[in-house]
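S.K.: Have a look at the structure that comes next, please.
Just so you know, all these numbers are worked out from the coordinates, no wet-lab data involved. No experiment lies behind these values; they were computed from the predicted model shown. Methodologically, a virtual Cβ is constructed for each residue, glycine included, from the backbone with ideal geometry; neighbour enumeration extends over all protein chains shown.
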Amino acid sequence: DTEVTQTPKHLVMGMTNKKSLKCEQHMGHRAMYWYKQKAKKPPELMFVYSYEKLSINESVPSRFSPECPNSSLLNLHLHALQPEDSALYLCASSQDFYEKLFFGSGTQLSVL
Amino acid sequence: DQQVKQNSPSLSVQEGRISILNCDYTNSMFDYFLWYKKYPAEGPTFLISISSIKDKNEDGRFTVFLNKSAKHLSLHIVPSQPGDSAVYFCAAPSGGGKLIFGQGTELSVKP
């Protein structure tokens with residue numbers, strides 16, 4: 001199994017909603033990541049988890065809250081988002097740092 | 001400060017010909033590079049990588065060349081196929097799990 005699975009694939013939410021994005025991998029990878037990508041731009045790193053502990057937060061606003069319940073799961077909790085937060089949110093995992101990242105297919109988020 | 005640069009936002013190539021995508025970097029500490037391919041509304045997929053101890057790595061139709069003195073790498077696709085049409089990102093790990101991406105090059109392969 002070399003997949004990173006993300007749900008939902010699409011999400012539309014209002015600025016007062018609370019929602020969560022989910023990510024799962026069963027490759028035994030110890031590093032998991034959240035990236036944000038706008039159309040035709042490179043992915044922007046948001047958070048890195050290593051061995052289930054948050055190791056990097058790229059100064060992401062607190063309306064994005066990551067959670068790593070166990071080594072296979074990664075969540076991103078969303079609250080009070082702004083329309084400019086509309087983007088493709090990508091989860092990725094790797095065996096370790098400096099290893100290639102496996103990306104999920106992403107959640108296309110629209111904030112109205 | 002853009003440490004990984006892809007100066008060509010787009011490239012158009014005829015099917016069957018060679019596609020050459022270029023990438024420059026400024027940080028001489030980078031010692032490993034990766035290429036990712038991305039279709040619209042999908043996550044990037046890993047294509048090929050190269051370590052700085054090599055100057056070439058080949059995988060089927062894809063070859064990556066590294067010129068350390070020029071801080072330049074290139075991805076060659078031979079022969080190009082319409083299914084190769086996508087955005088290609090080069091990237092370098094910068095430590096602690098950070099992957100520095102270039103801006104991407106959109107490749108269009110015309111039948």
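S.K.: Roughly how big is chain A's charge dipole about its Cα centre, with Cβ charges of +1 (Lys, Arg) and -1 (Asp, Glu), in debye to the nearest 20? Walk me through the numbers on the way to the answer.
M.R.: Values: 12 positive and 11 negative charges, 72 e Å.
In debye, rounded to 20, chain A gives about 340.
S.K.: I need B:Ile53, A:Ile56 ordered by Cβ neighbour count within 10 Å, fewest first.
M.R.: Values: B:Ile53 9, A:Ile56 15.
If I rank by nearby Cβ atoms, fewest first, I get B:Ile53, A:Ile56.
S.K.: Take A:Met15, B:Met29 and order them by how many other Cβ atoms sit within 10 Å, fewest up front.
M.R.: Details: A:Met15 13, B:Met29 10.
With the sparsest Cβ surroundings first, the list reads B:Met29, A:Met15.
S.K.: What size of dipole, in debye to the nearest 20, comes out for the protein assembly as shown about its Cα centre when the only charges are +1 on Lys and Arg C-beta atoms and -1 on Asp and Glu C-beta atoms? Intermediate results must be reported in sequence, preceding the final value.
M.R.: Values: 23 positive and 21 negative charges, 68 e Å.
In total the dipole reaches around 320 debye.
S.K.: Which residue, chosen from B:Gln6, B:Ser69, A:His29, occupies the Cα position most advanced towards the positive end of the dipole of the protein assembly as shown, where the dipole is computed from +1 (Lys, Arg) and -1 (Asp, Glu) charges on Cβ about the Cα centre?
M.R.: Towards the positive end, the residue furthest out is B:Gln6.
S.K.: Would you compute the Debye intensity of the protein assembly as shown from its alpha-carbon atoms alone, equal scatterers and no solvent, and pass along log10 I(q)/I(0) at q = 0.11 Å⁻¹ to two decimals?
M.R.: Debye output, listed in q order: -0.55.
S.K.: Then there is this: Give, rounded to the nearest 20 debye, the magnitude of the charge dipole that the range B:24-111 has about its Cα centre when Lys and Arg contribute +1 at Cβ and Asp and Glu contribute -1 at Cβ.
M.R.: Details: 9 positive and 8 negative charges, 15 e Å.
Charge dipole, the range B:24-111, about its Cα centre: 80 debye, nearest 20.
S.K.: Then there's this: Contour minus end-to-end for A:Ala80 and A:Glu58, with contour as 0.36 nm per residue of separation and end-to-end as the Cα-Cα distance? Working shown, then result.
M.R.: Values: separation 22, 0.36 × 22 = 7.92 nm, distance 1.90 nm.
Gain on stretching A:Ala80 to A:Glu58: 6.0 nm.
S.K.: Something else about it: Using label points projected 7 Å from each Cα along Cα→Cβ, tell me how many nm separate B:His72 and A:Ser71, to one decimal.
M.R.: Distance between the two pseudo-spin positions: 4.4 nm.
S.K.: Here is a further query. For an R0 of 35 angstrom, estimate the FRET efficiency from the Cβ-Cβ distance between B:Thr45 and A:Thr16 and round to the nearest 0.05. Working shown, then result.
M.R.: Values: r = 36 Å, r/R0 = 1.02.
Taking R0 as 35 Å, the efficiency between B:Thr45 and A:Thr16 is 0.45.
S.K.: How big is the gap, in Å, between the Cα center of the range B:1-74 and the Cα center of the range A:72-102?
M.R.: Cα centres, the range B:1-74 to the range A:72-102: 23 Å.
S.K.: Residues with beta-carbon under 11 Å from that of A:Gly104, excluding A:Gly104: net charge, scoring Lys, Arg +1 and Asp, Glu -1?
M.R.: Numbers: positive: A:Lys9, A:Lys22; negative: A:Glu3, A:Glu24, B:Glu42.
Surrounding charge for A:Gly104 is -1.
S.K.: Say the dipole of the protein assembly as shown comes from +1 at the beta carbon of Lys and Arg and -1 at that of Asp and Glu; which of B:Gly104, A:Thr7, A:Leu54 then lies farthest toward its positive end?
M.R.: In the protein assembly as shown, that residue is B:Gly104.
S.K.: Looking at chain A, identify the longest residue range that excludes and avoids all trypsin sites (Lys or Arg not before Pro) in DSSP loops having at most 14 other Cβ atoms within 10 Å.
M.R.: Working: sites that count: A:Lys9, A:Lys38, A:Lys40, A:Arg63.
Counting at most 14 other Cβ atoms within 10 Å as exposed, the longest clean stretch of chain A is A:64-112.
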